[in-house]
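Heads up, the thing below is written out as structure tokens.
The values are calculated or read from the model by the stated rules, or taken from the named source; none is laboratory data. All figures in this text were calculated on a predicted structure; none of them were measured in a lab. In this analysis, Cβ positions are derived from the backbone assuming ideal geometry, glycine residues included, and neighbour counts consider all displayed protein chains. For accessibility, only protein heavy atoms count, side chains too; no ligands or nucleic acids. Shrake-Rupley method; radii C 1.70, N 1.55, O 1.52, S 1.80 Å.
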Amino acid sequence: MEIHSYKHKFISLCMALMLTLSGVMLSTKEAKALSIDDAEVFLKQQSSGTCTLVSITMALRRKAILMGDPDWSTITEDSVKPVAWSGGLLHNFSYSTSHYKYTIGYGDIDDYGESDDITGDVKVNALASLLTNRPEGVAIYARSGHNNYNNGPHCILMTSYTNGVFYVADPANSTTTGIISIDQALKVTVENVASYWYVSNVEAVDATDQDTTNDSTDTNTDENGNVIADQTTTKIYNMNVELSKTKFVYNKKKQIPSVVVSDDEGNELTNGTDYTLSYQGNCKSIGTHKVVIKGIGKYSGFVKYSFHITPTKAKIKKVKASRKSVKVSIKKLSGNVKYQVAYRKSGKISWKYTTTTSSLKTVKNLKSKTKYQFKVRGYKNGVYGTYSKIVKTKVK
């Protein structure tokens, strides 16, 4: 009996320890990832037909983080599907957490083959405008049979437009998790986007019970360490943040943006009194780096903003045309970068792409007796530099 009692106590102790560790892990996960760019925010689709569902789910997760919704991680493909799916993604639906109700809307980019379908720079501007006031992103959809596209439908999340490049998250399992440039995504291009889904409205689930200002009562201490009861603090992630720059060109030196934090009335907060700044990344190498703004004093919480260090602008030294191929010679860039070579037939809108780790690239399988245009840019760690000037040549 005594041995049995000790065994019972040991099992109970192990179970309690497991529950404690589980709680620590859960609380750590909940406390993390107030940045919409963190890796755990992004999802991969569970089946081949749910790219639309997962793309808008990622937008919902990002919007929830921006709203300070502690339930953001509960927004998943499985949780959204019951209200959003009926043989395909509904054009309009609502999804609620315990804190907020999110409304999803739908729109068309073009008229599906009619004479006023938009192309080229007009379409680029139309897509870029969709991101205005929507930092969580927009789910964009390529529909087979439209825009000269017949390779099967697909949907991705468009997250930003920077320096002439659209950045996206692709739910397809065959692509990289997280933010990539649109040319790295599966199927969807600027030219073939036909329609989109977006977060059209957010409201508190119950205005009488919810703190719509996102202020919260946190425990603060005075200068002597004594607890100040009933001290209301404002979440720093509800403030307006401006970075002096979001892109720097690689120069082997540390580069960081200056930061201005202000409230809705335009009053600037004070660094060191209302918030502190820290940085993720060495802020020297080519890639994405982050500034972390953490509230102190009357402010609490933290938020992350990304900025990028890009390769220097690329330059094509020369192109040499041969039979059905062109050899592109590139001026070598510093920073151990790779190169993306873009090419198209003269007069065409769409570009084709190929990459190389060398400063010399031969583009093959071109059409004889045809004029082509070439441009090149450097890239590393998912960040792209500025394209070179376009160089033209005629294939032999």
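General remarks:
- Where GLN231 falls short, out of the listed (1) modelled with pLDDT under 95; (2) open to solvent by 60 Å² or more (accessible area, probe 1.4 Å): (2)
- Count of the range 35-76 residues which are closer than 13 Å to LEU157 by Cβ and of a type in the set (D, E, K, R): 5
- Residue within the range 49-62 that is of a type in the set (Gly, Ala, Ser) and part of a loop (DSSP other than H, G, I, E, B) present: yes
- Yes/no for ASP264 being charged (D, E, K, R) and in contact with a Gly (Cβ under 6 Å, 6 or more places away or on another chain): no
- Considering the range 37-70, the residues that are in contact with a Lys or Arg (Cβ under 9 Å, 6 or more places away or on another chain) and either without any contact (Cβ under 8 Å) to a residue 40 or more places away in the chain or among the small types (Gly, Ala, Ser) (or both) include one that is surrounded by the fewest Cβ atoms within 10 Å (Cβ to Cβ), namely GLU40.
- Filtering the range 1-22 for residues that are assigned to a loop (DSSP other than H, G, I, E, B), farther than 19 Å from PRO153 by Cβ and at pLDDT 85 or above leaves an empty set.
- Condition check for LYS304: touching a Ser or Thr at 6+ places or on another chain (Cβ under 9 Å), basic (Lys, Arg), surrounded by 15 or more Cβ atoms within 10 Å (Cβ to Cβ) and modelled with pLDDT under 95: yes
- Index of the failed condition, ILE256 passing every other in (1) in contact (Cβ under 8 Å) with a residue 60 or more places away in the chain; (2) more than 19 Å from ILE236 (Cα to Cα); (3) hydrophobic (A, V, I, L, M, F, W, C): (1)
- Taken together, LYS290, LYS394, LYS364, LYS338 contain a single residue that is under 30 Å from PRO70 (Cβ atoms) and either free of Cβ contacts under 8 Å to residues at least 40 places away in the same chain or surrounded by fewer than 21 Cβ atoms within 10 Å (Cβ to Cβ) (or both), which is LYS290.
- Single residue of the range 107-156 satisfying the filter (open to solvent by less than 20 Å² (accessible area, probe 1.4 Å) and among the charged types (D, E, K, R)) that is modelled with the highest pLDDT: GLU136
- Cβ-Cβ contacts under 7 Å between residues 6 or more apart (or on different chains), taken from a first residue in the range 71-99 that is within 17 Å of GLN46 (Cα to Cα) to a second residue that is of a type in the set (D, E, K, R) and surrounded by 18 or more Cβ atoms within 10 Å (Cβ to Cβ), are listed as ILE75/ARG61.
- Of all the listed residues (ARG377, ARG344), the sole one being closer than 22 Å to ALA185 by Cα and touching a Gly at 6+ places or on another chain (Cβ under 9 Å) is ARG377.
- Residue that is nearest to the chain's Cα centre (by Cα) [pool: residues in the range 91-106 that are open to solvent by 10 Å² or more (accessible area, probe 1.4 Å) and over 20 Å from THR74 (Cβ atoms)]: TYR106
- Number of the condition not met by ALA185 [criteria: (1) in contact (Cβ under 8 Å) with a residue 12 or more places away in the chain; (2) out of contact with any strand residue (DSSP E or B) (no Cβ under 6 Å at 6 or more places or on another chain)]: (2)
- Members of the range 178-204 that are within 15 Å of ALA128 (Cβ to Cβ) and open to solvent by less than 10 Å² (accessible area, probe 1.4 Å): SER181, VAL193
- Complete set of residues in the range 290-304 that are among the charged types (D, E, K, R) and closer than 13 Å to THR246 by Cα: LYS290, LYS304
- Screening the candidates THR175, THR159 for the property of being surrounded by fewer than 19 Cβ atoms within 10 Å (Cβ to Cβ) and either modelled with pLDDT of 90 or more or in contact with an Asp or Glu (Cβ under 9 Å, 6 or more places away or on another chain) (or both) yields one hit, THR175.
Yes/no matrix, rows are residues, columns are (1) part of a loop (DSSP other than H, G, I, E, B); (2) within 20 Å of ASN240 (Cα to Cα); (3) not hydroxyl-bearing (Ser, Thr, Tyr):
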position	(1), (2), (3)
TYR279	no, yes, no
LYS284	yes, no, yes
THR288	no, no, no
SER306	no, yes, no
LYS313	yes, no, yes
VAL319	no, no, yes
LYS332	yes, no, yes
TYR339	no, no, no
ILE349	yes, no, yes
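- Scan of the range 239-269 for residues that are touching a Phe, Trp or Tyr at 6+ places or on another chain (Cβ under 9 Å) and either in a strand (DSSP E or B) or open to solvent by less than 60 Å² (accessible area, probe 1.4 Å) (or both), ordered by number: MET239, VAL241, LEU243, LYS247, PHE248, GLN255, PRO257, VAL259, VAL261, LEU269
- Restricting the range 367-378 to residues that are part of a loop (DSSP other than H, G, I, E, B) and within 19 Å of ILE390 (Cβ to Cβ) leaves a set whose member that is most open to solvent (accessible area, probe 1.4 Å) is LYS367.
- Listed conditions (1) modelled with pLDDT under 95; (2) within 30 Å of GLY385 (Cβ to Cβ) are all met by ASP263, apart from (2).
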